[in-house]
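Here's the structure, in structure tokens; my notes come after.
The values are calculated or read from the model by the stated rules, or taken from the named source; none is laboratory data. From a predicted model like this one, the values you see are computed outputs, not experimental measurements. Note that each Cβ is placed from the backbone with ideal geometry, even for glycine, and that neighbours are counted across all protein chains shown.
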Protein chains: 2
Amino acid sequence: MVLVRPRNPLNIGACARAMSNFGVHRLRLVNPYAIAFREARSAVGASELLKNAEEFKSVAEAVTDCSLVVGTTAVRNRVLQHPLFKLNEDGGDRIRTTLLAGRVGLLFGSEKIGLTNEDFSHCHWLLHVPTDSQHISMNLGQAVAVCLYGIACSAADKTTPSDSDPADAGELEKITQCLYEALEKSGYVKPGNDAVSEKKVRQLMLRLNLQAMDAKVLLGMVRQIVWKLRQEKR
Amino acid sequence: MVLVRPRNPLNIGACARAMSNFGVHRLRLVNPYAIAFREARSAVGASELLKNAEEFKSVAEAVTDCSLVVGTTAVRNRVLQHPLFKLNEDGGDRIRTTLLAGRVGLLFGSEKIGLTNEDFSHCHWLLHVPTDSQHISMNLGQAVAVCLYGIACSAADKTTPSDSDPADAGELEKITQCLYEALEKSGYVKPGNDAVSEKKVRQLMLRLNLQAMDAKVLLGMVRQIVWKLRQEKR
């Protein structure tokens, strides 16, 4: 469970409580409002889970060991570049299935604006809770509770081959960084032209559905290319 | 949605918000903490739904027009006299099915102790959200959100004959009151012996699954008996 820029200590506490209710134990916060995080942790009855919550400076760092990263969204008027799955349809089932083999990072945005496009760029796909079309904005703690309940009640697809070992987000981020450097150094990315952004490269990597072994190989390839390009520059 | 003795204005507000999210519009409160209710209603951004919330002095009055009354419980160590259905199994489906034909009263208890046995006696059956066995106590607002989401995602069993018109709780309560008086006057209920309590009579009536027409007939019968018993007494 990853809370990105949460602002309200009560909401942080509510998220932790819902996690306990549904047997989820690892809480991570990306750039929380410092006062909010302090208050939430020092609240009377704050759980071990909350006290053990980890703080990160970026989404990339928070999801580095996850083999699936899912962002939550209320889908306002935004044009989304990502596949979107409903919690009660494919979304919950996919998360359950991945949990059989690896770790899933479920991202919730700040109370006011939710997740940004930059946050989304770290996600394989987006999860949506179907609500009344006139009242789509859920309270953060309630959204967390509903999502965790929905995932807990979903059916994992056990036909997935268990010998597949998906690459985790940290590996993919390394490839992204490397490849982007290669694209810059090779002149594919031109200064002032952000048609190919780091976000887009990251998304491409996530779409590849790389296995852990393949990710290693690919990272080696790109690293070698970058090394060569660095030589050229001198 | 019926909140019984809620104490925290934030929870009342959270319940109202979850109701909006899932398209549920009628909020009723039984003996709310007066200050909490006032604060919740006067909060900035309080919804119409919250402003239109109705207050009742008893559960019986709050559910009088409901044809199905369901209590929520975390099932601690309590011995329950009621059928218990899980939200993600039979529970949600049964509520959805009833909603096709009539009104359902969904009861949530106070933050501290939940619903009492007296509250339960007004319920046809109880609804349970499956949680981690070590952390079964959910926050009120989150429990409401999860239940409403679970019900919204449930499948209504449309094979139920639509010509059946179940008796509502108000009718059943009249029969209960009348029958209990008859039992007292006839000596079936003995002073000091509460083996047959009003709660038990109420439960019996709820179990009968009475149709509206049959309830009318039965009430007429019991009323006549009570009238006769009152004569005898003189």
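So, in segment B:46-100, exactly how many residues are over 25 Å from B:CYS153 (Cβ atoms), buried (at least 20 other Cβ atoms within 10 Å of the Cβ) and either within 14 Å of chain A (Cβ to nearest Cβ) or in contact with a Lys or Arg (Cβ under 6 Å, 6 or more places away or on another chain) (or both)? Of the residues in segment B:46-100, 1 are over 25 Å from B:CYS153 (Cβ atoms), buried (at least 20 other Cβ atoms within 10 Å of the Cβ) and either within 14 Å of chain A (Cβ to nearest Cβ) or in contact with a Lys or Arg (Cβ under 6 Å, 6 or more places away or on another chain) (or both). Within segment B:163-217, being touching a residue at least 60 places away in the same chain (Cβ under 8 Å) and polar (S, T, N, Q) holds for B:SER164, B:GLN203. Please tell me if B:LEU50 is over 13 Å from the mean Cα position of the chain (by Cα), free of Cβ contacts under 8 Å to residues at least 60 places away in the same chain and either assigned to a loop (DSSP other than H, G, I, E, B) or outside the structural domain of B:ILE175 (by TED's automatic domain parsing) (or both). Answer is yes for this residue.
One residue is enough: does segment B:160-173 have a residue meeting the conditions closer than 30 Å to B:ILE113 by Cα, more than 14 Å from every other protein chain (Cβ to nearest Cβ), touching a Leu at 6+ places or on another chain (Cβ under 6 Å) and at pLDDT 90 or above? Checking segment B:160-173: not a single residue is closer than 30 Å to B:ILE113 by Cα, more than 14 Å from every other protein chain (Cβ to nearest Cβ), touching a Leu at 6+ places or on another chain (Cβ under 6 Å) and at pLDDT 90 or above. Residues in segment B:75-104 that are farther than 23 Å from A:ASN88 by Cα, of a type in the set (A, V, I, L, M, F, W, C) and in contact (Cβ under 8 Å) with a residue 60 or more places away in the chain: B:VAL75, B:ALA101. Just the residues that are surrounded by 21 or more Cβ atoms within 10 Å (Cβ to Cβ), within 11 Å of chain B (Cβ to nearest Cβ), touching a residue at least 60 places away in the same chain (Cβ under 8 Å) and in a loop (DSSP other than H, G, I, E, B), please, taken from segment A:121-145. Across segment A:121-145, the qualifying residues are A:MET138, A:ASN139.
Restricting attention to segment B:168-205, which residues are among the charged types (D, E, K, R) and assigned to a helix (DSSP H, G or I)? Reasoning before the result, please.
Here is the first cut: in segment B:168-205, the residues among the charged types (D, E, K, R) are B:168, B:171, B:173-174, B:181, B:184-185, B:190, B:194, B:198-200, B:202.
Listed by number, the residues that qualify are B:GLU171, B:GLU173, B:LYS174, B:GLU181, B:GLU184, B:LYS185, B:GLU198, B:LYS199, B:LYS200, B:ARG202.
Please specify each residue of segment B:105-136 satisfying the condition of being of a type in the set (A, V, I, L, M, F, W, C), within 29 Å of A:MET19 (Cα to Cα) and at pLDDT 90 or above. Listed by number, the residues that qualify are B:LEU106, B:LEU107, B:PHE108, B:LEU115, B:PHE120, B:TRP125, B:LEU126, B:LEU127, B:VAL129.
Among the residues of segment B:1-23, the ones that are within 14 Å of chain A (Cβ to nearest Cβ), surrounded by fewer than 21 Cβ atoms within 10 Å (Cβ to Cβ) and outside any helix (DSSP H, G or I) come to 2 in all.
Going through segment B:101-111 one residue at a time, which ones are over 20 Å from B:LEU204 (Cα atoms) and either within 13 Å of chain A (Cβ to nearest Cβ) or crowded, with 20+ Cβ neighbours inside 10 Å (or both)? Please lay out each step first, then the result.
The first filter runs over segment B:101-111 and keeps only residues over 20 Å from B:LEU204 (Cα atoms), leaving B:101-103, B:108-111.
Listed by number, the residues that qualify are B:PHE108, B:GLY109, B:SER110, B:GLU111.
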